[in-house]
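K.L.:
Below is one structure. I have some questions about it.
Here, each number is a calculation from the coordinates, and none is a lab measurement. Computed from a predicted structure; not experimentally measured. Because the Cβ atoms are built from the backbone with ideal geometry, glycine has one as well, and the counts that use them run over all protein chains shown.
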């Protein structure tokens, strides 16, 4: 019979209290004494009981193995980290009663044995009287056998580990074994779609999908296939899971969201820079908060959440927040105009540019070299629709012209020594509400249609070497699947 005992090193992982999988026991038989290895009595004490004692009110994290427990204790110092002796096969031999009344989260290894351990430990912990039990699902890109020690070796931060812990699901809803490595993980695509619960999916009349999603304290409107929405999805996925979204999973998720927007979402009319709701006009300030100026018969004021679907292009730049007071006549001192009648034409063009529908006039600026035509054009563009490229060269064909108009509210062209016939016709179509159709790329029969709802044609002058052309937002591009 044993007369004394003490713990000693043996096979296993080294922890804060040394090895814990066996005891070196002093046996005494008569006058003869000898040391013998002996296994723990069943049920065996948990590894990390000192953590439970030190943090009586903390959540308890259960890992698979002592090495993972030590790593998790360093990564998540606010939690009490424990494990059962002897790894994945030791759950049924451990004494789980110290976890009675505690909130428990289980972090298994990323393999079939880890899932079996998590399920077995969850049943035993609940049987011992734990207040709640949840199981962490390892990241989708984790290699087989990945655990807390690997997370520490990979440079995971405390914040990233905390996000992983918060993603744990209730033990009753955790994944069950399946084929392959024995683990059924939630596909990244499904996780991604779950992150869009606060997004509004909608479409326009030509069946292009859009989405309204929250950014800080405001909401933004972008096409579902836009770079901005892709970046938002990727960022949200990383925030939620601590992992990077796979390219194919992202594409699959966007296709599903696109179909839902077109088939199930409501139809809206998007507005670039200027739009209308009932008897009110809205001018998009283009700022980071997505505010707009609301204009009605009684005046104007800035609103944080305009009731229309304002959309933007990456080239749009913000307008300054307007200030009350002043008169239109104060603008004349900055413009090199010939007479009062010419200034009245400019003022009328500015007012027309603030309407959400046409017909629209096209303004032609004539003057000698050095008379300030380029600066004149920049001033007018900046008053209505600031852009990263305020004045541009004439596009090479009508298709490029319509694409430019689809991404801006004002088009300003520089150095026009003459206006070619095709450009005159194209500007007329833009100003009067024409359209443009071309074959969709990678298809034989489908068309991409640019539908314009804009106003009056250009005044053409062979002496003109600067032209600022107002062409309103095109209603969009119709894309057929294929």
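K.L.:
Pop a pseudo-label 7 angstrom from the Cα along the beta-carbon direction at both residue 207 and residue 49 and give the gap in nm to one decimal.
P.N.:
The answer from the label model is 6.9 nm.
K.L.:
Quick one: if the Förster radius is 51 Å, what FRET efficiency do residue 34 and residue 186 give, using the C-beta to C-beta distance and rounding to 0.05?
P.N.:
Here the calculated transfer efficiency is 0.40.
K.L.:
Now for a different question. For each of 282, 379, count neighbouring Cβ atoms within 10 Å of the residue's Cβ, then give the residues from fewest to most.
P.N.:
379, 282
K.L.:
Right, something else. So if we plug the beta-carbon distance of residue 399 and residue 375 into 1/(1 + (r/R0)^6) with R0 = 45 Å, what FRET efficiency do we get, rounded to 0.05?
P.N.:
Between residue 399 and residue 375 the formula returns 0.90.
K.L.:
So what is the diffusion coefficient of region 270-311 in µm² per second by Stokes-Einstein at 37 °C and 0.692 mPa s, using a Kirkwood Rh over Cα pairs?
P.N.:
The calculation lands on 327 µm²/s.
K.L.:
What ranking do 199, 428, 161 get, fewest neighbouring Cβ atoms within 10 angstrom at the top?
P.N.:
Ascending number of Cβ neighbours within 10 Å: 428, 199, 161.
K.L.:
Further, regarding this structure: Got a sec? How would 334, 376 order by Cβ neighbour count within 10 Å, fewest to most?
P.N.:
Fewest-to-most Cβ neighbours within 10 Å comes out as 334, 376.
K.L.:
Another question, then. Expected output is a single nm value to one decimal: the length gained when fully extending between residue 348 and residue 302, i.e. 0.36 nm times separation in residues minus the C-alpha distance. What is it?
P.N.:
Gain in length upon complete extension: 14.2 nm.
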